[in-house]
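Written out below as structure tokens is the structure these notes cover.
The values are calculated or read from the model by the stated rules, or taken from the named source; none is laboratory data. Here the structure is a predicted model, which is why all the values come from computation and not from measurement. Here the Cβ is made from the backbone with ideal geometry for all residues, glycine too, and neighbour counts use every protein chain on show. To get the accessible areas, we keep the full protein, side chains included, count just its heavy atoms, and leave off ligands, DNA and RNA. Shrake-Rupley method; radii C 1.70, N 1.55, O 1.52, S 1.80 Å.
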Amino acid sequence: AAGVIQSPRHLIKEKRETATLKCYPIPRHDTVYWYQQGPGQDPQFLISFYEKMQSDKGSIPDRFSAQQFSDYHSELNMSSLELGDSALYFCAIAVSGANVLTFGAGSRLTVL
Amino acid sequence: AQSVAQPEDQVNVAEGNPLTVKCTYSVSGNPYLFWYVQYPNRGLQFLLKYITGDNLVKGSYGFEAEFNKSQTSFHLKKPSALVSDSALYFCAVRDDYKLSFGAGTTVTVRA
């Protein structure tokens with residue numbers, strides 16, 4: 001079955017530092033989505049990619065950037081981290097023909 | 001934009017009793033509706049979806065949901081709740097090719 005591996009599972013950073021989260025669709029998948037879930041919040045869409053091109057953009061801060069690589073894994077880069085960036089970050093893929101997003105276990109970022 | 005609302009922050013039921021988690025939607029056109037469950041410190045797990053067809057949709061773990069067009073609702077139901085059903089439940093709607101989630105409902109099933 002299709003799935004998503006995310007790394008790292010936990011990450012602790014200081015304010016103003018940089019963090020990179022990684023997402024590996026299994027098997028390779030042409031579309032990937034990134035979501036941010038703050039404490040006690042619902043997941044908020046950040047950005048998506050189709051065939052390595054940005055396909056949609058949500059409430060992603062300018063300090064964040066993302067890309068999908070030639071092997072279809074994706075990375076979310078976050079710079080000048082703020083306390084409010086502390087959240088669970090999910091990567092998801094759309095299971096072809098099923099209209100269903102399959103989510104990874106998430107990466108928990110804590111900014112101190 | 002498409003959106004869903006979950007009017008209840010929390011639902012508490014006794015084990016063995018019926019469980020209902022409410023969701024209403026606001027969409028233009030035909031809605032694609034979903035329910036996901038999230039256990040503590042875990043990812044979002046797909047439960048069921050409504051795309052078209054029968055208004056009663058059956059999903060994983062004994063859950064089902066009823067699509068009601070006149071009431072613009074998509075309530076999640078389980079006839080007999082288990083303690084292990086205690087989790088955070090999200091209703092979601094397809095918005096272009098992404099999902100937009102409701103605020104979530106925390107379900108607590110007491111033994």
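Table for the structure above
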item: Filtered residues of region A:78-109 (kept if surrounded by 14 or more Cβ atoms within 10 Å (Cβ to Cβ), modelled with pLDDT of 95 or more and more than 9 Å from chain B (Cβ to nearest Cβ)); result: A:M78, A:S79, A:L81, A:D85, A:S86, A:A87, A:Y89, A:C91, A:S107, A:L109
item: All strands (runs of 3 or more DSSP E) inside region B:23-111 with 3 or more residues being within 11 Å of chain A (Cβ to nearest Cβ) and within 27 Å of A:S59 (Cβ to Cβ); result: B:33-38, B:44-50, B:87-95, B:98-101
item: Residue in region A:52-65 that is among the basic types (K, R) and farther than 27 Å from B:A103 by Cα present; result: yes
item: Per-region count, region A:9-33, residues assigned to a loop (DSSP other than H, G, I, E, B), in contact (Cβ under 8 Å) with a residue 60 or more places away in the chain and open to solvent by less than 70 Å² (accessible area, probe 1.4 Å); result: 1
item: Positions within region B:69-93 being open to solvent by 60 Å² or more (accessible area, probe 1.4 Å) and under 18 Å from B:V4 (Cβ atoms), in sequence order; result: B:K69, B:S70, B:Q71, B:K77
item: Conditions (1) within 14 Å of chain B (Cβ to nearest Cβ); (2) in a strand (DSSP E or B); (3) under 29 Å from B:Q2 (Cβ atoms); number of the one not met by A:Q41; result: (2)
item: Selection status of A:D71, assigned to a strand (DSSP E or B) and modelled with pLDDT under 95; result: no
item: Options A:Q36, A:Q6: the member that is part of a strand (DSSP E or B) and in contact with a helix residue (DSSP H, G or I) (Cβ under 9 Å, 6 or more places away or on another chain); result: A:Q36
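Table: residues versus (1) over 15 Å from the mean Cα position of the chain (by Cα); (2) farther than 16 Å from A:S7 by Cα.
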{"site": "A:Y50", "(1), (2)": "no, yes"}
{"site": "A:S55", "(1), (2)": "no, yes"}
{"site": "A:F64", "(1), (2)": "no, yes"}
{"site": "A:H73", "(1), (2)": "no, no"}
{"site": "A:L76", "(1), (2)": "no, no"}
{"site": "A:E82", "(1), (2)": "yes, yes"}
{"site": "A:D85", "(1), (2)": "no, yes"}
{"site": "A:V100", "(1), (2)": "yes, yes"}
{"site": "A:R108", "(1), (2)": "no, no"}
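Okay, residues lined up against (1) in contact (Cβ under 8 Å) with a residue 60 or more places away in the chain; (2) under 22 Å from A:A94 (Cα atoms); (3) open to solvent by 20 Å² or more (accessible area, probe 1.4 Å):
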| residue | (1), (2), (3) |
| --- | --- |
| B:Q2 | yes, yes, yes |
| B:E15 | yes, no, yes |
| B:P18 | yes, no, yes |
| B:V21 | yes, no, no |
| B:N30 | no, yes, yes |
| B:R42 | no, yes, yes |
| B:Q45 | no, yes, yes |
| B:G62 | no, no, yes |
